Structures are given as C-alpha cells and as structure tokens.
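The values are calculated or read from the model by the stated rules, or taken from the named source; none is laboratory data. Note that the coordinates shown come from a computational prediction; the quantities given were computed from them, not determined experimentally. Here the Cβ positions follow ideal geometry from the backbone for every residue, glycine too, while neighbour counts run over all protein chains shown.
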Amino acid sequence: MKKINFRKYSNKDASIFKSLNLQWLESYFFVEPIDEVILNNPTSKILDPGGHIIMVELNGKVIGTFTFIKIEESIFEFSKMAINPIYRGQGHGNSIMKYAISFAKKNEWKKIILYSNTKLENAIHLYYKYGFLEVEMESNIIYSRGNIKMELSLN
C-alpha cells in the first residue's frame, strides 16, 4: 500500500474540498443548506472558530479530506470526511482515523464527537473499531441525515 500524507488545508484546496464532500453527500444522501454554508465558507465556518481541515494525499494527489469543527474548548467534531470513490475500500479510512486520533491526542483534546447515519455500516464499524461509543443524540442536530452520535474520550 502506498503511503498517504496528511497536510493542512490551504485556500487553494477550496474547490477540491467542496467537490469531494459534494460527491460523497450526493452518493449517499443529499446536500443540506448547512452543507452549502460550510462548504462554501470553510475558512469562516471551520478554521476561524478554531477548527482544522486536513487534506489527504496519495503520491501528491489529494484523494480525501476531513475536518475537526470546534465545539468547545478541547472538544471537536470529526466531520466532512470524504474520499474520492476511486480510492475507497483500500484502507484509507483506517489511516485517516489513526491520524485523526493522534492529531487530537497531540493537541490534548478531551473528546472527539461525530454524527453519522447507521446506513453507513462501514463507517460505523470503523468508528467502533477505533473506540468511539454511541451516545445519546441531542434533539437539535443540524444534519437531518444524522441518526447516530458517537464520541471518543481521549483522557
């Protein structure tokens, strides 16, 4: 397996960040208004409030992305994970999870949360594999597609 590389988002990544996420959303669900807002304004909606956007590269080519959206001090939402369909099923999700968790630990975060949908069986399996546990979902979730909330305590 070729080595993948992780790097911080830069403004030149805006179109690939958006297109990877739109492609994923349109494959499994539909694009919600909140998705449009975030994908059209990643700097103001993710980075400026203290979040992170990570680009995933294979041989210098961007094949995926994910974000950490700041919820509160030391608690971040793992979100907007998308991999180009050509590269799915090759173990990159495992590499992303390992990197994401080590990134969170390096930054001394307390917790990572995520919202998903139980129809995404492979993703749910991946999250359980890395120690995420299902927790109670709040009633005012911003994504209509979300039907499961999971969290990973890092203490």
Just wondering, is there one or more residues in the stretch 12-23 that are at negative phi, touching an Asp or Glu at 6+ places or on another chain (Cβ under 8 Å) and buried (at least 19 other Cβ atoms within 10 Å of the Cβ)?
yes
Please go through the stretch 99-124 and pick out each residue that is exposed (fewer than 12 other Cβ atoms within 10 Å of the Cβ) and either under 13 Å from the mean Cα position of the chain (by Cα) or closer than 20 Å to LYS70 by Cβ (or both).
SER102, LYS105, LYS106, GLU108
Members of the stretch 22-59 that are charged (D, E, K, R) and either touching a residue at least 40 places away in the same chain (Cβ under 8 Å) or in contact with a Leu (Cβ under 7 Å, 6 or more places away or on another chain) (or both):
GLU32, ASP35, GLU57
Any chance LEU20 is farther than 18 Å from SER116 by Cβ and not acidic (Asp, Glu)
no
Pairs with Cβ under 7 Å, 6+ apart, first in the stretch 103-130 and in contact (Cβ under 8 Å) with a residue 60 or more places away in the chain and within 16 Å of GLY93 (Cβ to Cβ), second outside any loop (DSSP other than H, G, I, E, B) and not hydrophobic (A, V, I, L, M, F, W, C)
LEU120/TYR28
Filter result (among the polar types (S, T, N, Q) and either modelled with pLDDT under 95 or within 14 Å of PHE6 (Cα to Cα) (or both)) within the stretch 46-78
ASN59, THR65, THR67
For the stretch 60-77, indicate whether the set of residues that are of a type in the set (Gly, Ala, Ser), touching a Ser or Thr at 6+ places or on another chain (Cβ under 8 Å) and farther than 19 Å from ASN147 by Cβ is non-empty.
no
Of all residues in the stretch 1-45, which are modelled with pLDDT under 95 and among the aromatic types (Phe, Trp, Tyr)?
TRP24, TYR28, PHE29, PHE30
Of the listed residues (TYR127, TYR143), the one being surrounded by 14 or more Cβ atoms within 10 Å (Cβ to Cβ), under 23 Å from PHE30 (Cβ atoms) and at pLDDT below 95 is TYR143
Of (1) without any contact (Cβ under 8 Å) to a residue 12 or more places away in the chain; (2) under 16 Å from GLY93 (Cα atoms); (3) assigned to a loop (DSSP other than H, G, I, E, B), ASN140 fails just (2)
